Ligand SMILES: Cc1ncc(COP(=O)(O)O)c(C=O)c1O
């Protein structure tokens, strides 16, 4: 019995899966009734996004749209991809920070295999729009490209 | 600008001599919810909405008249041709062209300008010649000139402006020389709303023998256009900017110029006779109208012109001036908001930036409140750079907009700023 107890108390640090993180975001967003609560949260996420190290802010990491500019970079830590991003517009930055929350710290094969279905579920599909060259779809594609590049 | 604004009760439906509520009933698209809120459409400089008279005209055309024009001898072909040519007459009168043949149908302003650049421009420009283009130009009235300059060895020079968004006429005077062959300017700036003194600028250009191409995309919905009074050599316009359908526009040109220009595209309609090894070119305006045109939308353009004339441009302009004055006053009260484009002569376009807030964020959030504005560089990237900004938020007003909608815009902006700051 004593052994059982001690096992229960051991904190096993399990990295959440991409799916678990997405489902968490979806349930967080279910708390919001009004559009402004949703966007206030995204804006907050944008403002709180960890600053991107300056050396990543180079042209190769720039996704230039006709409205705003997004920088997106990645590096590998312990075999996992870590993403960094920045933008001059805060809503885009908040949305990218959600993508980072979902994909960062995962293995390349996981990133490649998972689609960010949460975007649709939290009602942000309008920002996926392919017509915006730096829409979320372009950023997801870029994140996956980094993963593919790392894998090969 | 109208100074009576303080005397106007903001909630009245009669604004000036215009019964706006009655007009709004003619625009079915306005009567809808966007994101659960009544649509407030303030993106009229991008495109205006269409009255049901225009929509009905398109439907009618396809239901009762559809046929290919000019070549047929059956009844429908004659009916379609008559309606198509009726629009040419109507548009010709609308801009006071000396004759309908000088009005060439195109897809719009962009195609009209390209037509001039690649026919007239290509045939006259030589190495070292100059094309003067204003600092205010839409990419449509800059890129074709850069392209033809590259092809011919001509040079594009930019007519500068002041910080208010007004062209510097004295500088322009200094730039004019025998080397200048073409001057390309807009009548009204889409980004800033500036009304340029085109009549004066045309006279100055003619002094050195240059030909002037006026981009009228933004002017036709607001101003009375008289191409003869302006003495414009070419005048380009787009139907969709003045309550007509998309996909149709026109190029007005002086007869002598049009007659001497080579054709633009080859195909049916633009020819008189064709042989296996040669062809002869048709008369004006058909010379420049190769292929089956956009007949239905051209026919419906007449309904738009009729609609505007029935309401009267003077009344529309007065109403829009009241809206602009009201919006300028209300928005100026917003902390950190700076209006970009403060020319003395302006149409109802209000571009602005707000300290520390990105225009894209404003656009996304206003949309959630059902308010449609445009954000970005408005296809005038060099102009934005000249203003030292990446883009603006632009609200542009049309005959169906109300003072109440502008109050809503101010309310929306205040709410959005609270969220963003
Ligand atoms: C000043 C100006 N020029 C040219 C254009 C191009 O017109 P269109 O796209 O109808 O050819 C526009 C439209 O945005 C405009 O505002």
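Annotations for the structure displayed:
- For region B:378-416, a tally of residues being free of Cβ contacts under 8 Å to residues at least 40 places away in the same chain and assigned to a helix (DSSP H, G or I) returns 2.
- Residue within region B:331-339 that is surrounded by fewer than 23 Cβ atoms within 10 Å (Cβ to Cβ), free of Cβ contacts under 8 Å to residues at least 24 places away in the same chain and facing chain A (nearest Cβ under 10 Å) present: no
- Condition met for residue B:383 (away from chain A (no Cβ under 14 Å), buried (at least 22 other Cβ atoms within 10 Å of the Cβ) and farther than 21 Å from residue B:316 by Cβ): yes
- Odd one out for residue B:375, checked against (1) within 12 Å of residue B:165 (Cβ to Cβ); (2) outside any helix (DSSP H, G or I): (1)
- Test: residue in region B:191-199 that is assigned to a strand (DSSP E or B), away from the ligand (no atom under 11 Å from the Cβ) and surrounded by 17 or more Cβ atoms within 10 Å (Cβ to Cβ): yes
- Flag if residue B:183 is within 11 Å of the ligand (Cβ to nearest atom), at pLDDT 95 or above, not assigned by TED's automatic domain parsing to the domain that holds residue B:398 and not in a loop (DSSP other than H, G, I, E, B): no
- Residues being more than 14 Å from chain A (Cβ to nearest Cβ) and either part of a loop (DSSP other than H, G, I, E, B) or within 16 Å of the ligand (Cβ to nearest atom) (or both) - total across region B:30-40: 3
- So residue B:419, is it within 15 Å of the ligand (Cβ to nearest atom), within 14 Å of chain A (Cβ to nearest Cβ) and part of a helix (DSSP H, G or I): no
- Which numbered condition residue B:343 misses (of (1) within 24 Å of the chain's Cα centre (by Cα); (2) part of a helix (DSSP H, G or I)): (2)
- Entry remark, region A:122-138: residues being over 21 Å from residue B:375 (Cα atoms) and either at pLDDT 95 or above or surrounded by 18 or more Cβ atoms within 10 Å (Cβ to Cβ) (or both) number 1 in total.
The values are calculated or read from the model by the stated rules, or taken from the named source; none is laboratory data. All values reported here derive from a predicted model rather than from experimental measurement. Here the Cβ is made from the backbone with ideal geometry for all residues, glycine too, and neighbour counts use every protein chain on show.
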